[in-house]
1. Just to check your reading of the model, which residue among 46, 98, 30, 94 is at pLDDT 95 or above and either of a type in the set (S, T, N, Q) or under 29 Å from residue 794 (Cα atoms) (or both)?
2. Mind listing just one residue for me: the one in the stretch 1-18 that is of a type in the set (D, E, K, R) and closer than 14 Å to residue 94 by Cβ and, of those, surrounded by the most Cβ atoms within 10 Å (Cβ to Cβ)?
3. Within the stretch 398-407, which residues are in contact (Cβ under 8 Å) with a residue 24 or more places away in the chain and either acidic (Asp, Glu) or surrounded by fewer than 17 Cβ atoms within 10 Å (Cβ to Cβ) (or both)?
4. Are any residues in the stretch 254-273 open to solvent by less than 50 Å² (accessible area, probe 1.4 Å), of a type outside the set (S, T, N, Q) and over 16 Å from residue 362 (Cβ atoms), and if so, which ones?
5. I want to confirm something. Restricting to the stretch 218-248 and keeping residues that are more than 21 Å from residue 181 (Cβ to Cβ) and modelled with pLDDT of 95 or more, which single residue is most open to solvent (accessible area, probe 1.4 Å)?
6. What are the residues in the stretch 130-144 that are buried (at least 22 other Cβ atoms within 10 Å of the Cβ) and within 13 Å of residue 266 (Cβ to Cβ), if any?
7. Given the conditions (1) free of Cβ contacts under 8 Å to residues at least 60 places away in the same chain; (2) closer than 30 Å to residue 298 by Cα, report the number of the one that residue 79 does not fulfil.
8. Please work out if residue 110 is touching a Gly at 6+ places or on another chain (Cβ under 7 Å) and either at pLDDT 95 or above or over 24 Å from residue 221 (Cβ atoms) (or both).
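The values are calculated or read from the model by the stated rules, or taken from the named source; none is laboratory data. Note that the structure is predicted; figures quoted are calculated from it, not measured. Cβ placement follows ideal geometry from the backbone for every residue including glycine, while neighbour counts extend to all protein chains displayed. Side chains are part of the model used for accessible areas, which takes the heavy atoms of the whole protein and leaves out ligands, DNA and RNA. Shrake-Rupley method; radii C 1.70, N 1.55, O 1.52, S 1.80 Å.
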Amino acid sequence: MISKEEFIKLYLDKFEKIHGKSIDEGTMYDKYVALAGLVKDLLAVDWVKTNNLYSERDQKQVYYFAMEFLPGKFLGINLLYRGIRETAREALKDLGLDLEELEELESDAALGNGGLGRLGACLLDSMASMGIAGHGCCLRYKYGLFRQRIVDGFQVELPDNWLVNGNIWEIRKPDKAVEVRFGGTVRTDMLCGRLVFIHENYEAVKAVPYDVPIAGYQNGVVNTLRLWRAEAAGEDFDLSSFPRGDYLKVLEYKQSVEAISQILYPDDSSSEGKLLRLKQQYFLVSAGLQSILRRYKKKHGSLLNFENKVAIHLNDTHPVLCIPELMRLLIDVEGMGWDEAWRITTGVMSYTNHTILPEALEKWPVEMFKTLLPRLYLIVQEINERLGRELWQRFPGDWQKVDRMAVMNKDQVVMAHLAVVGSSRLNGVSRVHTEILQKQVLSDFYGLYPQKFSNKTNGVSHRRFLLKANPGLSSLITEVLGPEWIGEPQQLSGLAAFANDASFLEKAAAVKRENKLKMGKLIFDKYGIAVNPDSIFDVQVKRIHAYKRQLLNVLHILDLFNRLKDNPQLEIVPRTFIFGGKAAPGYYLAKKIIKLINTVAAKINSDKLVRDKLKVVFLEDYNVSLAERVIPAADVSEQISTAGKEASGTGNMKFMMNGAVTVCTLDGANIEIRDAVGEENIICFGLTVDEVLGYYQQGGYSAWEEYRRSDRLRRVIDQLVSGFLPAPAEEFREIYNFLLVDNDEFFHLKDFSSYTEAQDKVERLYRETRKWLRMSVSNTAQSGRFSSDRTVAEYAGEIWQV
């Protein structure tokens, strides 16, 4: 352990070596860079030791492929995990510096968007903390998704230039670069009596890795997140030496190459955007797999026993091209036959499905796939033909089933089908989601390969979202349970014994209020909105999407506003409604919902009659760092998606971990949270999964009928287009039409009455202070099972076999 005096010396030395001047001459950012550089140096020693230990033990390696990771800021978590955060705080204090102020200067890594990317980061955290050799593989996006700004209530997308000052945590590895090939043609030849495939006239792109250390919690383990950047092959040539025509072609080539790792999720509403997405996905998997094979062969000489020493996990359909790409590498580069290559490929691959939404179950036009990836097209075509023969033998004469299950279907490559066929195991991410996959979305495949299917309910890093994000509550927990819960989160269940302890409840209430005061200060400083720390902080922060039903929340807020205006003497507990989240740039309805939230906020926050009782806040540019502030302050967690649409959710877990009470539909992991905490400690409402499915399959739902049935509902719907809101009269006509004319695809109107009753229940329960505090503590007590440590343990034992 480093002493305070040693830390001061190391820090001052690091500052002078990096900046060539004394610390008194440095800017605050200079001081952040020196601190981060020192911490990275300390991690690097463990990083080398970890890799050497894995090599000596010949430990099985897990590679987690994902199009996004959402790690948040590294400095604070690395100091905490290295066990020197308090030492650093005291040392910096002696130098007149504030640790939190320096931590604020770090940019959130723009490598993800929402729950999918955050799950990947949580699993990497747990793998390192549990001593599992697990590494991430992603793209090094220059701009990520976008930086969200709210201008006149509208979302405006700006480049998230998080790399403008570089990334202190990464190490560029140009010696590990590989070549990825696009387009061209494939010809066959016979070589030594063997059919070979020769790829010609292709466009070459250089993939350069940047490695980021992922530390385990105070165990000396440091794993790797490898990020790939696309560069022009032969980038060191002099452009000025080319004739103008050639120069322009070369420049166009460079720009098209750099676009591959420029932004996350390019808009795929056009063929150009769709092509870029496909390019990104192949670039990631080809670079990652080439690197894995090279590393394995360097140690073992051959690929003998490869499937027993490597596990490759596909996080959703985005990296499913790993399956045909590994086949290509094994057949074309390593000289294997089809059967041997297929055995190895299916042996190492596993796949997690994260959605049942059709738009997220990717399909690629065959012609585009064939043109961009001609060799992979041939391999996928062969996989499809072999699957067709297998299906015909199993289900002779059932052409419809064979057609439904095809990997190439109706001129499209169906990635979810390819994932099932080419993986040894696949899983859903909550109990109900896995049941939907088995009974509906992938039911044909479940009938064919039942042994492949399992459930692995998602989890979140309790060390980041409780230990780091909520130090007050963490200290209180440690005070009564000891520190063991940090490494063994299931021990949080011991808090149940304190749910009726008056002293403990009083301390927990004080922690919550302090967190709300801090959040209130942030809101006032940034938005000029004064919120009451004694109001109910009612929070819905997540990606903006119609099925997540931020709109249902807004309709209730308008209804509550109407009730207060009609009866100014109505006694309610003051309520602060907090929203946050991004809408995809091309998702027009979601962007309109953001505008509606901000318009309703403007209406309510300026109303002298109700503004002491209601406030509405939209948090701009929601990210991990902001989540670490708002989640500990929340009293109510809004998890109100249409039943059956949310695969799991992870925000629900983070909130309950911090003592928020969940208001939810019986969707995703909400069901398992209810089972864990008991019905008395959660507030559920709305249609069930089976009821929603019944409406989709049999019809019978009429939004107009719901509209006519309820005066309160009809009033708020009409207010969208009546000029009641401070916006042009037709501003929200599309939302009005979505709900009524288009028959309300996600059942906002059907669930409105049940939802308002749930909110009335929140009001009643919150007034019973002791009871509410018991509910809060009970939620934290049962949150250990939703730690990503549990999730990783299940993956490790049942899927990765490590």
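1. Result: 46 is the single residue among 46, 98, 30, 94 that is at pLDDT 95 or above and either of a type in the set (S, T, N, Q) or under 29 Å from residue 794 (Cα atoms) (or both).
2. Restricting to residues being of a type in the set (D, E, K, R) and closer than 14 Å to residue 94 by Cβ, the top hit is 4.
3. 401, 404, listed by residue number.
4. Correct list: 254, 257, 259, 260.
5. 218
6. Those that are buried (at least 22 other Cβ atoms within 10 Å of the Cβ) and within 13 Å of residue 266 (Cβ to Cβ): 139, 141, 144.
7. That leaves (2) as the condition not met.
8. Answer is yes for this residue.
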